[in-house]
Every structure is written in structure tokens, then in C-alpha cells.
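The block underneath contains the structure these notes are about, expressed in C-alpha cells.
Read-outs: derived from the displayed coordinates by stated rules, not from any lab. Being a predicted model, the structure only gives us computed values, none of them experimental. As a convention, Cβ positions derive from the backbone with ideal geometry for all residues, glycine included, and neighbour counts pool all protein chains shown.
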Amino acid sequence: MRRLSFLLAFIADLVAVLASSKDLHVPKCPATVQAKFTTQIPSGAACPQTNVDLCYTDTSLNLVFTALGETAFYFDPKQTTNGDIWKYEVMEAFIYKGSDDPQTYFEYEVSPNNVTFNALIYNPSRASKANAALDHAFIANPFSDGFAVNTVLDKPNKKWTSHSTIPLALFTAEKPRGTTWRMNFFRTITNPSKYPSQQLCGWKNTGQANFHITPAFGVVKFV
Ligand SMILES: *[C@@H]1O[C@H](CO)[C@@H](O)[C@H](O)[C@H]1NC(C)=O
């Protein structure tokens, strides 16, 4: 009997450890936590590594995106804030405050040209199904609103890094300690000879060649 209760306690611990390993626990800056991914969506084939280091202050979510194994650093130099930068190479975060599979969320992207895409997404089907609505509203003036970005290319080391600051007021989430969020992170990879075809890489596999599948978003806790 005692042995059984030991076993049950052990199993309960194991389940707790496995459950928490699914979560990302974001600390207050300057500590950080890293979401790292190395696989394609949906095939699971290899992707060059992408890291997203996260932390929060009382007023902002700070993200450091790092793309490794980069060869093309491909973007359209004519594109500016909220242009279709996702047609080329970007790193992305989909962000929602709350624990639901969201129908509205913030889509943030940054390109190797230091250009950002900032949109509130309306996705009532949670899966952008054929014929379902998928709409967006842009944040028109992110750099007047408290957003910041700084992107550095390191071509000899096949790497680009972007430091991004997103104001927590966007989510009514200042002083976020203790809150639960849903997020996913992505990277698109292409080059002039492959364009417009892209490799899609992601943190949580959405199971389709489509990022807008919100039940796949990971659980993120601000601790
Ligand atoms: C990136 O763009 C932001 C916003 O315009 C600007 O503040 C920053 O200096 C830029 N960084 C680089 C490296 O171009």
C-alpha cells in the first residue's frame, strides 16, 4: 500500500513536470526565458534555428528574435510599416492575453530590413477556415504608441537579431505578473530564386501551412 502511494505521488509529480514543460514562464526583465524552434510547419522537417527571448517590465513585453542559419536576408526594400513583409522573410509573434483559444489577437512581425507589421487580428473561426472571416486592424503609428524595434544583420555569422518592445497597454496588461497568455512564434524563410514559395517554421505546430490556428498557441505565464 505504501509502495502504491509512493508510485502515485511519483506519477503526480511527473504529470506536473510534463504539464509545466509545455508552458513558457516569462520573467521580469532583465531575466529572460527562451522559446526555441527548429521545425517546419506542418511537416516537422528541419528549419534553421530561431530563438525568441522574452521578458516583461511593468509597461512592456520585450522580445529578442534571433534567426540563425540565414542565407538570403530577403525583403522588399520598398515596404514600410504594416506592408506585406510576411511575403518575404520575417520573424513573428502572435500574442493574446488570456487562456482561451483566441478569436482576436495581436500579430507582430519584423523583417531583416527593420520593418514591422502590427495588426489586431479578428479570426472568429479560430482556424481561418475556407470562407470564414479573417480580418485585421492595423496599429497605425506604433512608434508613437510606445513600440520600439532595432534589427541587426550579422551576415558573416548567418544571423539576424531584432529587439522589439510591445506596450502592455495594448492588452490592458500593465504589471502583468501572474497573468496567463496564449502565444505562438514563427519565421518565414525564402530567397530570390525560391520566392514566393516559403519555408514556414514555428514554435507550436499548427498542423497546416497556416499560422492562424489558435488552439495550437502555447500557454505562456508571466511569473
Ligand atoms: C529600426 O526602426 C526603428 C523605428 O523606426 C528605429 O528607431 C531604429 O533606430 C531602427 N534600427 C535600425 C538598426 O535601423
Flag for Leu200 being away from the ligand (no atom under 16 Å from the Cβ) and outside any strand (DSSP E or B) = no
Name, by its number, the condition in (1) over 18 Å from Ser111 (Cβ atoms); (2) surrounded by 14 or more Cβ atoms within 10 Å (Cβ to Cβ); (3) in contact with a strand residue (DSSP E or B) (Cβ under 9 Å, 6 or more places away or on another chain) that does not hold for Cys201.
-> (1)
Within the stretch 172-180, can one find any residue that is touching a strand residue (DSSP E or B) at 6+ places or on another chain (Cβ under 8 Å) and basic (Lys, Arg)?
-> yes
Restricting to the stretch 97-124, what's the tally of residues that are under 23 Å from Thr190 (Cα atoms), in a strand (DSSP E or B) and either within 16 Å of the ligand (Cβ to nearest atom) or without any contact (Cβ under 8 Å) to a residue 24 or more places away in the chain (or both)?
-> 6
Those residues of the stretch 72-89 which are away from the ligand (no atom under 14 Å from the Cβ) and closer than 22 Å to Ala209 by Cα, in sequence order | Ala72, Tyr74, Asp84, Trp86, Lys87, Tyr88, Glu89
Which residues, counting only those in the stretch 174-189, are surrounded by fewer than 19 Cβ atoms within 10 Å (Cβ to Cβ) and either more than 17 Å from the chain's Cα centre (by Cα) or of a type outside the set (Ser, Thr, Tyr) (or both)?
-> Glu174, Lys175, Arg177, Gly178, Thr179
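This table checks each residue for (1) of a type in the set (Lys, Arg); (2) in contact with an Asp or Glu (Cβ under 7 Å, 6 or more places away or on another chain).
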{"residue": "Lys155", "(1), (2)": "yes, no"}
{"residue": "Ser162", "(1), (2)": "no, no"}
{"residue": "Thr165", "(1), (2)": "no, no"}
{"residue": "Ala169", "(1), (2)": "no, no"}
{"residue": "Thr172", "(1), (2)": "no, no"}
{"residue": "Phe185", "(1), (2)": "no, yes"}
{"residue": "Thr188", "(1), (2)": "no, yes"}
{"residue": "Ser193", "(1), (2)": "no, no"}
Qualifying residues in the stretch 125-152 (those that are away from the ligand (no atom under 16 Å from the Cβ) and of a type in the set (Ser, Thr, Tyr)) - the one nearest to Val115 (Cα to Cα) = Ser128
Scan the stretch 80-93 residue by residue and report those that are surrounded by 16 or more Cβ atoms within 10 Å (Cβ to Cβ) and either without any contact (Cβ under 8 Å) to a residue 60 or more places away in the chain or of a type outside the set (D, E, K, R) (or both).
-> Thr81, Asn82, Gly83, Ile85, Trp86, Tyr88, Val90, Met91, Ala93
Tally time: how many residues in the stretch 35-61 are surrounded by 14 or more Cβ atoms within 10 Å (Cβ to Cβ) and either of a type in the set (A, V, I, L, M) or assigned to a loop (DSSP other than H, G, I, E, B) (or both)?
-> 8
The stretch 60-88: number of residues that are under 16 Å from Ile139 (Cβ atoms) and among the polar types (S, T, N, Q) = 4
Any hit, the stretch 64-79, residues being assigned to a strand (DSSP E or B), small (Gly, Ala, Ser) and either surrounded by fewer than 22 Cβ atoms within 10 Å (Cβ to Cβ) or free of Cβ contacts under 8 Å to residues at least 60 places away in the same chain (or both) | no
